[in-house]
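The values are calculated or read from the model by the stated rules, or taken from the named source; none is laboratory data. These figures come from a predicted structure and were not determined experimentally. Neighbour counts are summed over all protein chains in view; Cβ atoms, including those assigned to glycine, are modelled from backbone coordinates with ideal geometry. Accessible surface areas use protein heavy atoms only, side chains included; no ligands, DNA or RNA. Shrake-Rupley method; radii C 1.70, N 1.55, O 1.52, S 1.80 Å.
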Amino acid sequence: MNETVAQTDKRKRLFPLRKFCAVVWVFIALLGSVYQLDTYSPLLSVVLGVPAALLGYLLISDQRHERVLRYLLIAWVFLAIVFGVVLPTVFNRLSCPFELPSSATRLQASDRINGFTGADTRVTFHASVTDCYATLAKVERIYRVRFGPGIPIEKPSASSRFTFVPPWGNSRRHQEHWFNPGEIEEGECFRSGFIQVWIDTKRGVFYMDAHF
């Protein structure tokens with residue numbers, strides 16, 4: 001009898017601890033999805049972050065729930081990771097025409113055939129300023145161009161100058177806001193024919209626009 005009571009008391013003490021750990025997981029999952037996933041697509045944080053937080057809470061806190069709900073959440077989180085994180089990362093890597101530096105993060109790339117007028121390739125990533133400048137040589141080698149001296153950028157330009165409008169239309173909802181060199185406050189711009197590169201020396205961001 002005493003042993004049963006002791007086990008019951010132990011379970012009561014453990015439950016608040018598990019519940020506390022579950023709450024901690026919820027914060028980690030939500031904050032991680034906001035700061036580590038695609039910052040240009042807040043919908044991904046909702047589609048993946050919220051279900052992952054709920055699933056973790058149910059499992060860690062040992063809350064009673066239908067087994068079907070658990071399986072549905074697992075399937076949802078798995079599909080969200082595959083289609084929202086893994087595949088976009090793979091496509092970005094494939095669309096990037098050059099090898100990324102070791103410090104590169106938050107890669108965004110787009111490679112499109114622009115009807116009968118040519119092709120558009122745009123790439124942006126965050127990296128150390130040194131690696132951003134080192135990538136200039138890779139762009140020159142890939143596109144067989146030679147950049148002249150950089151044009152200093154000392155203040156933000158009008159965003160509309162650089163906003164990328166995909167070839168299928170100029171509607172604002174089609175614009176890719178991740179490509180916005182107009183936000184640069186300190187940096188340089190390099191041009192050679194239809195190739196343009198911007199380097200943000202304040203934030204450590206590399207932008208490339210190749211249009212043919």
Quick check on Val34: is it in a helix (DSSP H, G or I), modelled with pLDDT under 80 and surrounded by 13 or more Cβ atoms within 10 Å (Cβ to Cβ)?
yes
Restricting attention to segment 122-137, which residues are among the small types (Gly, Ala, Ser) and buried (at least 17 other Cβ atoms within 10 Å of the Cβ)?
Ala127
Being modelled with pLDDT under 80, open to solvent by 20 Å² or more (accessible area, probe 1.4 Å) and either closer than 22 Å to Asp111 by Cβ or out of contact with any Pro (no Cβ under 8 Å at 6 or more places or on another chain) (or both) is true for just one of Pro152, Pro156. Which residue is that?
Pro156
Within segment 50-67, identify whether any single residue is open to solvent by 60 Å² or more (accessible area, probe 1.4 Å), of a type in the set (D, E, K, R), part of a helix (DSSP H, G or I) and modelled with pLDDT under 85, and answer yes or no.
yes
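Residue by residue, here is whether (1) assigned to a helix (DSSP H, G or I); (2) of a type outside the set (S, T, N, Q) holds:
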| position | (1), (2) |
| --- | --- |
| Arg70 | yes, yes |
| Val86 | yes, yes |
| Thr89 | yes, no |
| Leu94 | yes, yes |
| Pro97 | no, yes |
| Pro101 | no, yes |
Could you tell me whether Phe206 is surrounded by 13 or more Cβ atoms within 10 Å (Cβ to Cβ), touching a Leu at 6+ places or on another chain (Cβ under 7 Å) and modelled with pLDDT of 90 or more?
no
Do you know which residues across segment 68-102 are open to solvent by less than 40 Å² (accessible area, probe 1.4 Å) and not β-branched (Val, Ile, Thr)?
Leu73, Ala80, Gly84, Asn92, Ser95, Cys96, Phe98, Leu100, Pro101
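Residues checked against (1) within 18 Å of the chain's Cα centre (by Cα); (2) under 22 Å from Gly187 (Cα atoms); (3) at pLDDT below 85; (4) of a type in the set (D, E, K, R):
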| residue | (1), (2), (3), (4) |
| --- | --- |
| Leu72 | no, no, no, no |
| Ile81 | yes, no, yes, no |
| Val86 | yes, no, yes, no |
| Asn92 | yes, no, yes, no |
| Leu107 | yes, yes, no, no |
| Arg112 | no, no, yes, yes |
| Phe116 | no, no, yes, no |
| Val129 | no, yes, no, no |
